[in-house]
Amino acid sequence: MMQAPKLIAGNWKMNGLAADLAEVSLLVDSLSKAAVNCRVALCPPSTLIARMAETADGSIVEIGGQDCSAEAKGAFTGDTSAAMLADAGATLVIVGHSERRQGHGEDDATVAAKAEAASKAGLAPIVCVGETLQQRETGQAVEVVRRQVMQSLPLALSGQSFAVAYEPVWAIGTGLTPTLAQIEEVHRAVRRAMIERLGLGVAVVPILYGGSVKPDNAAEILAVPEVGGALVGGASLKAADFLAIIRAA
Ligand code: 13P
């Protein structure tokens, strides 16, 4: 089967002011000079989506949100709908990041509703799953992730564009990563669960790895079977680091 191009997506989290768009200009410049064989996306805070989309216009860089409401519109102060993100220039949106699950009490049903709302608005959701350190240490990682996949992917995603990101909570922002064998084990379990939930059509949907991906470990992680890309936090903020990861794909 033809391998889909890998997706290297940067999650800026709550970082970035207008001045930081200079990093995006640098990235776009460098990408225009040499072909890369992967897809590239950046997910800035929502305040920067429109301006980043303008900065990246005409380049291969796709723009995504970091979260969206499950609702289409209405009296939901502070929330942003998927259609609003699309209107601002996004084509992707992260849903169910562990910082949303843990910090904002989002459960699998909420994540599934957000993924469905995103897809309905024409955005490709990147649905995040991942075990905590305690779950890893008690041997529950595969079971937890499998359950999250089964319950966070709405049936409406069948035939639609989306991705899953495996981000072990204990690997995010810590410099720690699972072994390559552990990454492969979980990614294979994610693929099996996706197929069980949505059918064989999802055999080519990318499964990204996220959690302390850096220029010096990207190549070995991206070479693991079933790793279809990376969701990069801290190392996506600087063009030089992010480019090094893109070049490793
Ligand atoms: P770090 O790459 O900073 O560990 O963050 C990973 C992440 O949470 C991406 O969504």
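The values are calculated or read from the model by the stated rules, or taken from the named source; none is laboratory data. Predicted, not measured: the structure shown is a model, and the values here were computed from it. Positions of Cβ are backbone-derived with ideal geometry, glycine not excepted, and every protein chain shown enters the neighbour counts. Side chains are part of the model used for accessible areas, which takes the heavy atoms of the whole protein and leaves out ligands, DNA and RNA. Shrake-Rupley method; radii C 1.70, N 1.55, O 1.52, S 1.80 Å.
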Any idea how many residues of segment 14-57 are touching a residue at least 60 places away in the same chain (Cβ under 8 Å), touching a strand residue (DSSP E or B) at 6+ places or on another chain (Cβ under 9 Å) and open to solvent by 50 Å² or more (accessible area, probe 1.4 Å)? 2
Checked segment 1-54 for anything part of a helix (DSSP H, G or I) and among the small types (Gly, Ala, Ser); matches are Ala18, Ala19, Ala22, Ser25, Ser30, Ser32, Ser46, Ala50, Ala53
Can you report the number of residues in segment 1-35 which are at pLDDT below 95 and touching a helix residue (DSSP H, G or I) at 6+ places or on another chain (Cβ under 6 Å)? 1
Tell me, yes or no, whether segment 166-178 has at least one residue that is under 24 Å from Ser25 (Cα atoms), within 12 Å of the ligand (Cβ to nearest atom) and of a type outside the set (A, V, I, L, M). no
Return yes when Ala86 is out of contact with any Phe, Trp or Tyr (no Cβ under 8 Å at 6 or more places or on another chain), assigned to a helix (DSSP H, G or I), at pLDDT 95 or above and of a type in the set (A, V, I, L, M, F, W, C) and no when it is not. yes
Flagged in segment 152-192 as out of contact with any Ser or Thr (no Cβ under 9 Å at 6 or more places or on another chain) and either at pLDDT below 95 or in a loop (DSSP other than H, G, I, E, B) (or both), in numbering order, are Leu153, Ser158, Gly159, Pro178, Thr179
Ala83 vs. criteria away from the ligand (no atom under 15 Å from the Cβ), closer than 11 Å to Asp67 by Cα and not polar (S, T, N, Q): no
Restricting attention to segment 202-219, report how many residues are within 20 Å of Leu92 (Cα to Cα) and in a helix (DSSP H, G or I). 3
Could you please let me know if Gly201 is touching a Ser or Thr at 6+ places or on another chain (Cβ under 9 Å) and open to solvent by 20 Å² or more (accessible area, probe 1.4 Å)? yes
Kindly establish whether Leu231 is touching a strand residue (DSSP E or B) at 6+ places or on another chain (Cβ under 8 Å) and open to solvent by 20 Å² or more (accessible area, probe 1.4 Å). no
Every residue from segment 91-125 that is open to solvent by 60 Å² or more (accessible area, probe 1.4 Å), more than 13 Å from the ligand (Cβ to nearest atom) and in a helix (DSSP H, G or I): Ala109, Glu116, Lys120
With the structure loaded, tell me whether Ser212 is within 16 Å of the ligand (Cβ to nearest atom), surrounded by 21 or more Cβ atoms within 10 Å (Cβ to Cβ), under 17 Å from the mean Cα position of the chain (by Cα) and more than 21 Å from Ala112 (Cα to Cα) or whether it fails that test. yes
How about segment 56-77: which of its residues are farther than 16 Å from Pro45 by Cβ and of a type in the set (D, E, K, R)? Asp57, Glu62, Glu71, Lys73
